[in-house]
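A quick write-up on the structure given underneath.
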Amino acid sequence: MKKIVAMSLLAGSFAFAQPGLMGGADGLNQKTAQTLGQGGLTAGFGGQVSFDAWSLTRGGLFAKGKQHGSFHDASGSLTANINFAAGVTDFMDIGLALPLYYDHANAKGVAEGDMWKASRGDLELWAKAKLPLDEMTDGLFNAAIAAQFYFPTGEQGAGVRPRHAWYVNAKGERTNPYTLNGMAFGGELILTLDLQKVGAPLRFNANVGFVGTVGRGSNTLVYGGGINVLPTDWMDFFVEANGEFRVEKGEYPRDPMFDPFTLTPGFRFHLPANIDIALGLDVGIRALNNFTWKYDKEMKKADKYTLHYVDEKGRVISYGYTPTPRYAGTATLSWRFGNVRGADEDNDGVSNKIDQCAGTPAGAVVDTVGCPVDSDNDGVFDGLDQCAETPAGAVVDAAGCPSDADNDGVFDGIDQCAETPAGVVVDAAGCPVDSDKDGIADHLDKCPNTASGAPIDANGCPLDSDKDGVPDYLDQCANTQAGIPVDGKGCPRDSDKDGVADHLDKCPNTPKGLPVNADGCSPDTDKDGIVDALDKCPNTPAGVTVDAAGCPVDSDKDGVADHLDKCPNTLVGVAVDKNGCPNKNQDLDKLKKGIQFKSGSAKLTASSNKTLNNIAKLLKKLPNVNLEIQGHTDDVGKEEKNKKISEQRAQAVVKYLVKKGIAAERLRAVGYGSDMPIADNKTKKGRKLNRRVELVPFEK
């Protein structure tokens, strides 16, 4: 029981270890490319503790000489260290670390089986130099190289589990758990990516190196890295990995699963007085390989990894090689003092040692040398500037926001027209827009689209001296009299292009090309309405109706003009005399008079036959002529009866002509009743004239 209590007290005192090596301030086991700065000092102690017997040997089995036993009860191990680092220059640190170990092996079944003792390990001296990459990347990326020297100060006759892979004797000879029992040296490359410099709360560290031994141990590759999440300035969350891998061929097989490899999640707290405490859980990769703690799986290939050493009583002890505990609690406590990076009087995040602007106002963003940043060069520092993207040249207030006295949208200092009236549209320089570049701003310009170069008046409108609506710069007739209509060139309008302006032209629609007189009219000698230039009959007697060519009209196309034609309805193709009349048997006006009906009926009289025969003969002679037979009555009697009898009489004529060989489609019968009188129905003579048959040619 006393041993268990002692072990617990020792764990409470030294349960802080590897973290803090090389002056690091991230995670537990991470190495960083940052340095302490000249005069900076840090001291710390820490380590890991495990109460698992399998943290000492494979499966908890061991042998003292020929006696075999197993660990039980309060078995466990502790790995601790005390470390110290100092900044020699701004870019170089040196330091040392002295490990302290304790293995509690309370054995069962072996005489004098208990093994527990606290002792020291090999002293490590190191030096680290930062490469000048942070200046080129504004602190975003850093790199450093480090050298380590290990001195055999550890006790040879104590312990069970070897604390480093390079302690394992490559030839299968004696392996001391707490010491190499010889010199070792190492070199490392360390990289740091600090995304806080670009606003992301993340920092990454990585290291890779080599440890070489003199004579006894195994040359070993060392590697590690970590991701740090930095949500606040007093606490970080991290996940890191660290490993050692024997690269030298020897008695024992090389396999990453049988050399140290640990994953560690945890938290690091930054306390007042530059004190840091970090807590985490080391998870050996071997635990992930045998997550359910199966004994058979743990002991697989164990015989190929049997180590030996001689304890302080001279007994040979054999045990299975265990690279790390399966699970172990780990922690560190460190204190930074002296002129370290982080001593920061103006609290701008840049230590006094390198701060070139020591009086930075609170809240201002600073660069890597502690000077306030003013991204928009407006005189108000970033972090205090509430308008961080102010255009160059703008006048700003104490909060860094630009002013705009005339509220035109262009900031004072940039505004070249600082007193623009409210509501006026302005250009990028803050001056009222002048779209047509005529010198009159749009809000005053009554003619905002004036052509470039045109003379203008005070309203911005082109000058129009003769007030004809055409500006002077376009007016080709600059002195047009008031009131005269003009064309687009400012000249009196001449709609018919006859050379006489409309205001003087008495014939404003003269066809193009005709000669005109001073009044704009083309001569018409015979006064028939057709000008001489177009008149094919220029000497037509006065009053005679003419056609479009200026010639007397000949309606029936018989060659005798209407004003001379005594028979103006002669059918086309019928020969006429000088008066335009055909013989009586071919004159429809005369033939129609011979068509008679018995009184009160539609029955033709016998005297009509001769007339109808002549009509049939005429139609046969003129095959292209079609006739509409129209029946007409006076207005005596009911109109319905008049319509009926007039239609019957017309049909009687058609029937007779069809019988005489005239095609029915050349004829049509229509009864109009009394609708179309040609004389006064109030007189007997007039009514007689209205009772008639008309023969009217028609076109199909």
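The values are calculated or read from the model by the stated rules, or taken from the named source; none is laboratory data. As the structure is a computational prediction, the values presented were derived from the model and not from experiment. Positions of Cβ are backbone-derived with ideal geometry, glycine not excepted, and every protein chain shown enters the neighbour counts.
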- request: Determine if segment 20-41 includes at least one residue that is touching an Asp or Glu at 6+ places or on another chain (Cβ under 9 Å), at pLDDT 85 or above and among the β-branched types (Val, Ile, Thr).
  value: yes
- prompt: Taking into account only those residues within segment 416-435 that are under 33 Å from the mean Cα position of the chain (by Cα) and β-branched (Val, Ile, Thr), which is surrounded by the most Cβ atoms within 10 Å (Cβ to Cβ)?
  reply: Val426
field: Members of segment 566-589 found to be within 16 Å of Leu612 (Cβ to Cβ), touching a Cys at 6+ places or on another chain (Cβ under 9 Å) and surrounded by fewer than 19 Cβ atoms within 10 Å (Cβ to Cβ), listed by number
entry: Asp589
- line: Flagged pairs (Cβ under 7 angstrom, 6 or more apart or on separate chains; first in segment 208-224, free of Cβ contacts under 8 Å to residues at least 24 places away in the same chain; second crowded, with 23+ Cβ neighbours inside 10 Å) are Tyr223/Asn207
- prompt: Any residue in segment 151-166 that is in a strand (DSSP E or B) and either of a type outside the set (Asp, Glu) or at pLDDT below 90 (or both)?
  reply: yes
message: Going residue by residue through segment 336-347, is there one that turns out to be part of a strand (DSSP E or B) and either acidic (Asp, Glu) or modelled with pLDDT under 80 (or both)?
response: yes
field: Enumerated strands (runs of 3 or more DSSP E) restricted to segment 201-259, each holding at least 2 residues that are under 41 Å from the mean Cα position of the chain (by Cα), under 24 Å from Tyr178 (Cβ atoms) and assigned by TED's automatic domain parsing to the domain that holds Thr324
entry: none
statement: Across (1) in a loop (DSSP other than H, G, I, E, B); (2) at pLDDT 85 or above, Val49 clears everything bar (1)
query: Pairs under 6 Å by beta carbon, first residue on the phi > 0 side of the Ramachandran plot in segment 467-496, partner surrounded by 13 or more Cβ atoms within 10 Å (Cβ to Cβ) and in a loop (DSSP other than H, G, I, E, B), six or more apart or different chains?
result: Gly490/Asp468; Gly490/Val470; Gly490/Asp475; Gly490/Cys477
Residue match in segment 637-657 (condition: free of Cβ contacts under 8 Å to residues at least 40 places away in the same chain, within 20 Å of Thr611 (Cα to Cα), among the acidic types (Asp, Glu) and in the same structural domain as Leu604 (by TED's automatic domain parsing)): yes
query: Scanning segment 302-332 for residues that are touching an Asp or Glu at 6+ places or on another chain (Cβ under 9 Å) and part of a strand (DSSP E or B), which turns out farthest from Lys171 (Cα to Cα)?
result: Thr332
Extreme residue, modelled with the lowest pLDDT, among residues of segment 134-150 that are among the polar types (S, T, N, Q) and touching a strand residue (DSSP E or B) at 6+ places or on another chain (Cβ under 8 Å): Asn142
- request: Run down Gly661, Gly637 and say which single residue is at pLDDT 90 or above and loosely packed, with under 14 Cβ neighbours inside 10 Å.
  value: Gly661
message: Residue under question is Val198, and the condition is that it be in contact with a Leu (Cβ under 7 Å, 6 or more places away or on another chain) and assigned by TED's automatic domain parsing to the domain that holds Asp122; does it hold?
response: yes
- request: Any chance you could count how many residues in segment 582-613 are within 30 Å of Val560 (Cβ to Cβ) and aliphatic (A, V, I, L, M)?
  value: 4
- prompt: Looking only at segment 86-100, which residues are under 53 Å from the mean Cα position of the chain (by Cα) and part of a strand (DSSP E or B)?
  reply: Gly87, Met92, Asp93
- prompt: Is it true that some residue in segment 553-562 is under 22 Å from Phe698 (Cβ atoms), touching a residue at least 40 places away in the same chain (Cβ under 8 Å) and small (Gly, Ala, Ser)?
  reply: no
